[in-house]
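The values are calculated or read from the model by the stated rules, or taken from the named source; none is laboratory data. Nothing here was measured: the structure is a model prediction, and the numbers come from that model. No Cβ is skipped: glycine too gets one built from the backbone with ideal geometry, and neighbour counts run over all protein chains shown. Side chains included, ligands, DNA and RNA excluded: accessible areas come from the protein's heavy atoms. Shrake-Rupley method; radii C 1.70, N 1.55, O 1.52, S 1.80 Å.
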Amino acid sequence: MDLMAKSGTTTQGLRAAIERSGYYPALVAEAVEAAVGGEPISSYLVHQETTFDSNEVRRHVTVLVLTGNRFIVSHTDEQAADAGSPSPYATTSTESVKLASISSVVLSRVVANPESYTPGQLPREVVLTIGWGAVSRIDLEPAACGDQNCDADHGYTGNSTADDLSLRVSEAGDGPEAVRQTLLFAQALSEATAATSAPSAR
């Protein structure tokens, strides 16, 4: 798997990161810049991944952009020629989410040798999961009471989890800088959503 993650600020820096990814940069940059419009950029992350599907090599790139008011997601996939298209093609989509609509920013860290962990040490792997209500996952299981001999039907219990976007970056596969940049973007997004949801002072 080939994964790249870059984070930073400014429109010029975002364009440069997209070009460095080498993944249809003109197409990706045009879609992202159109979605951002004239808003100043607070932070961004460019995440390119190559996967193997049977005998095919599939590439796709996700660009995350944080502005003062919005969280923008752009995803571009390439497809091989098929019955509907005689030539290969790419599909690009963008979604703009108000910061107030983001319900969760989950950052999972995997740390090797936790007994010797020191503050500031990079995790071995991070998974950034962002939810804003477009997609949710429900995990159900039979409900039970405290009586072990009870055979009554208590229905079901479960949890609903927002799971609109999930990105995984590892130090072994992607390098420490990719992990560091993902942490920086996650922190910027968490701080922005916290500021948006904080009650205004009277």
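Output yes when any residue across region 83-90 is touching a residue at least 60 places away in the same chain (Cβ under 8 Å) and crowded, with 16+ Cβ neighbours inside 10 Å, and no when none is.
no
In the set (1) of a type in the set (S, T, N, Q); (2) modelled with pLDDT of 90 or more; (3) outside any strand (DSSP E or B), SER93 fails one condition alone, (3). Residues in region 28-56 that are within 15 Å of GLU78 (Cβ to Cβ) and touching a helix residue (DSSP H, G or I) at 6+ places or on another chain (Cβ under 7 Å) were compared, and the one that is modelled with the highest pLDDT is VAL28. Taking into account only those residues within region 6-27 that are in a helix (DSSP H, G or I) and of a type outside the set (A, V, I, L, M), which is modelled with the lowest pLDDT? So, considering only residues that are in a helix (DSSP H, G or I) and of a type outside the set (A, V, I, L, M), the one modelled with the lowest pLDDT is THR11. Just so you know, in region 149-202 the residues that are modelled with pLDDT of 70 or more and among the β-branched types (Val, Ile, Thr) include one that is most open to solvent (accessible area, probe 1.4 Å), and it is THR196.
Cβ-Cβ below 8 Å, separation at least six or inter-chain, first residue in region 113-125 and under 14 Å from ALA172 (Cβ atoms), second part of a loop (DSSP other than H, G, I, E, B): which pairs? Going by the 8 Å Cβ cut-off, the qualifying pairs are PRO123/VAL111; ARG124/VAL111; ARG124/ALA112.
With the requirement that a residue be open to solvent by 70 Å² or more (accessible area, probe 1.4 Å) and out of contact with any helix residue (DSSP H, G or I) (no Cβ under 8 Å at 6 or more places or on another chain), what does region 100-115 give you? Selection gives SER103, ARG109, ASN113, PRO114, GLU115.
Kindly provide the set of residues from region 16-30 that are under 16 Å from THR94 (Cβ atoms), open to solvent by 30 Å² or more (accessible area, probe 1.4 Å) and in contact with a strand residue (DSSP E or B) (Cβ under 8 Å, 6 or more places away or on another chain), ordered by number. Walk me through it before giving the result.
To start, the set of residues in region 16-30 that are under 16 Å from THR94 (Cβ atoms) comprises 18, 23-30.
Filter once more, keeping what is open to solvent by 30 Å² or more (accessible area, probe 1.4 Å): 24-27, 30.
Passing the criteria: TYR24, LEU27.
When residues in region 57-73 are screened for being open to solvent by 10 Å² or more (accessible area, probe 1.4 Å) and either at pLDDT 90 or above or among the aliphatic types (A, V, I, L, M) (or both), 5 of them pass.
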